[in-house]
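Heads up, the thing below is written out as structure tokens.
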Amino acid sequence: MPTLYYIHDPMCSWCWAFRPVWQEVKNKLPANIEVVYLLGGLAPDTQTPMTPAMQQEIRSHWKTIQKQVPDTMFNFEFWQQNSPRRSTYPACRAVIAAKAQDTSIEDAMIHAIQTAYYLHAKNPSDDEVLVSCAESLGLDIPRFKDDLHASSTREQLFHEIKLSQNMQVFSFPSLVLKTNDNIRFIHIDYLDVDKILTQLKG
């Protein structure tokens, strides 16, 4: 069975912009294609606040996205209400911890993190925000907290990062179609689902 790998990071702003088209792609995929999510891991753990220059750079990315993908919403109050850190690994581990309880909840956890970040100006680099996302999905919170920092969760994240890098994926989101031992990069269109589906059927 062909496998379509979706390589992403829950705190990747372009992944947020791609979400509506990605949901449509999944709904219209040929039945013989299996979808597998891989966490690419944008930024390792750190307690160091972003520099003003980095904050400005990321804000400018948000504005660029809004011009190129006009329906994408961002809450710019995030930058006044938080002490941002360039640290996405905690959010990545939260997705793994949620999936450990229920494999079907993976995408819902990603969406909960994205919504908290981009719409409600919460900082998913902070454990309490990730725990709140887990609570909103009805997860077992004591187990989630344990899994969030478990060595097995960290190992799984590094495993997924290595898999994506082995496929020469270093930017997110990315789509890679693997058939037998062959891999093919799928060009992402943020506005047109059919341009993606055509590549998958070709």
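Tell me the net charge near Gln168. Cut-off is 14 Å between Cβ atoms, Gln168 excluded, with +1 for each Lys or Arg and -1 for each Asp or Glu.
On the way: positive: Lys162, Lys178, Arg184; negative: none.
With Lys, Arg at +1 and Asp, Glu at -1, the neighbours total +3.
As a footprinting exposure proxy, order Phe76, Phe172 by other Cβ within 10 Å, with the fewest listed first.
Numbers: Phe76 12, Phe172 24.
If I rank by nearby Cβ atoms, fewest first, I get Phe76, Phe172.
Taking the Cα centre as origin and putting +1 on Lys and Arg beta-carbons and -1 on Asp and Glu beta-carbons, what dipole magnitude results for segment 3-201, to the nearest 20 debye? Spell out each step's value before the answer.
Values: 19 positive and 23 negative charges, 101 e Å.
The dipole magnitude comes to about 480 debye.
What Cys residues in the chain have no fellow cysteine's beta-carbon under 4.7 angstrom?
Cys92, Cys133
For each of Met54, Met1, count neighbouring Cβ atoms within 10 Å of the residue's Cβ, then give the residues from fewest to most.
Details: Met54 13, Met1 8.
Taking fewest neighbouring Cβ atoms as first place, the list is Met1, Met54.
When only DSSP loop residues count, what GluC sites (Glu not before Pro) in segment 1-89 have their Cβ near at most 15 other Cβ atoms within 10 Å? Please list the in-between numbers first.
Numbers: sites: Glu24, Glu34, Glu57, Glu77; in loops: Glu77.
In loop regions of segment 1-89 (DSSP not H, G, I, E or B), the sparsely surrounded GluC sites (Glu not before Pro) are Glu77.
Tell me, how many Å apart are the Cα centres for segment 62-81 and for segment 1-38?
22 Å
Where does each of Leu139, Leu200, Leu191 land when they are ranked from fewest to most other beta-carbon atoms within 10 angstrom?
Leu191, Leu200, Leu139
Which whole number of Å³ per residue matches the convex hull of the alpha-carbon atoms in the chain? Provide the component values of the computation, followed by the final result.
Working: hull volume 24.3 nm³, N = 202.
Normalising the Cα hull of the chain by residue number yields 120 Å³.
Read-outs throughout are calculated quantities, based only on the coordinates presented, and are distinct from any laboratory measurement. Source: prediction; values computed, not measured. As a convention, Cβ positions derive from the backbone with ideal geometry for all residues, glycine included, and neighbour counts pool all protein chains shown.
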